[in-house]
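Beneath this line is the structure, given in structure tokens, with notes to follow.
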Amino acid sequence: MKSIFFLSIITTLALGTGCSSIPDYDQSLPDGVFKTAEALQKEERFEEALKKYAEVKNKFPYNSLATEAELRIADIHYERESFAEAEASYSLFKELHPKHPRSDYVTYRLAMSYFSQLPSTIDRDLSLAHDSIKYFEEVIKYYPQSEYVKDSQEKLKNSREQLSEKEMYVARFYEKRDYHLSALKRYRYVLSKFPDTDQIRPALLGAGRMSKALEQNEEAKKYFQELISKFPESEEAGEARSEAQ
């Protein structure tokens, strides 16, 4: 019985030791604390990793790893899909380290943090889309050779489409209630701010209809003709031809 008891204890201790794959790094050195944080992050033990990265920052503020720890903290927030916290962390990092060699990555992740908070439907607040657009454009403009340019271009287009759809949603709301001038202003806004989106055709048609309703016949004619000229095969062009008669 005693041998079984001791065997059980040894087995338990062995299993307990094997459960942790974190090497015993020297915690008196910045490199040791940082490597511990990295290992914890790799195992997705995020709360512990955050504490260790914070320890690097606080105990060794003048070591180069302190800056890297700041970035890793932002990355963990992003990995956990805590996008508001990620946004704040990347923004602060960008402000404190404007010439960091990975500024393209930081700017891209900041844009993605805003983008990832956007709602799935256009009837909700899309104000964060403006922030995502700002930083996606920054990646494209200032880091043209970056590996993040292509995805930034795609996400930028997506953000602009969402905003244009939102404006069209509001414009149609006004139009249905015969608020012709308010609707016209919204359609014009889409035409001036989002000419590269899929909403350009319905915006031209809407602007033409609202101008016609307001008896601005020359303006209406201009919108209808532009729609027919640029998109002759579209469904909206067919409606414009009918409206123009």
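No lab work stands behind these numbers, since they all come straight from the coordinates. Quick caveat, the model's predicted, so the values are computed rather than measured. Using ideal geometry, Cβ is built from the backbone for each residue, glycine included, and neighbour counts are taken over all protein chains shown.
From the alpha carbon centroid of the range 220-236 to that of the range 171-207 is 14 Å. Each residue of the range 25-33 is assigned a 3J(HN,Hα), and the resulting list reads 6, 5, 7, 8, 10, x, 5, x, 5 Hz, derived from the Karplus form 6.51 cos²θ - 1.76 cosθ + 1.60 (θ = phi - 60°), x at Gly and Pro. State whether the range 81-164 is rounded, prolate or oblate according to the following rule on the C-alpha gyration tensor (a ≥ b ≥ c being the square roots of its eigenvalues): a/c under 1.5 gives rounded; otherwise a/b larger than b/c gives prolate, and the remaining case gives oblate. Cα axes put the range 81-164 in the oblate bin.
Return the loop-located GluC sites (Glu not before Pro) in the range 66-110 (DSSP other than H, G, I, E, B) with at most 11 other Cβ atoms within 10 Å of their own Cβ; answer none if there are none.
Glu81
Which longest uninterrupted range of the chain lacks any chymotrypsin sites (Phe, Trp or Tyr not before Pro) assigned by DSSP to a loop state (not H, G, I, E or B) and surrounded by at most 15 other Cβ atoms within 10 Å? Maximal segment without exposed cleavage sites: 63-178.
Once log10 I(q)/I(0) by the Debye sum over Cα atoms at q = 0.07, 0.08, 0.14 Å⁻¹ is calculated for the structure shown, the corresponding label among (i) -0.24, -0.32, -0.97; (ii) -0.35, -0.44, -0.97; (iii) -0.44, -0.52, -0.94 turns out to be (iii). In a reduced charge model with +1 at each Lys and Arg Cβ and -1 at each Asp and Glu Cβ, the range 178-245 shows a dipole moment near 240 debye about its Cα centre. Rounded to the nearest whole Hz, the Karplus-based 3J(HN,Hα) values (6.51 cos²θ - 1.76 cosθ + 1.60, θ = phi - 60°) of the range 82-97 follow the sequence 8, 5, 5, 5, 4, 4, 5, 5, 5, 4, 5, 4, 4, 5, 7, 10, with x at glycine and proline. Here is the list for the range 33-140: trypsin sites (Lys or Arg not before Pro) lying in DSSP coil, each with at most 16 other C-beta atoms within 10 angstrom of its C-beta, are Arg45, Arg80, Lys99, Arg102, Arg124. The gain in end-to-end length when the Glu137 to Lys51 segment is fully stretched comes to 27.6 nm, 0.36 nm per residue minus the alpha carbon separation. At full extension, Asp125 and Glu81 could sit 13.9 nm farther apart than now, given 0.36 nm per residue minus the alpha carbon distance. For the chain, the mean residue ellipticity at 222 nm estimated from helices alone is -24500 deg cm²/dmol, where every DSSP H run of n ≥ 4 contributes -39500 (n - 2.57) and the total is divided by all residues, rounded to the nearest 500.
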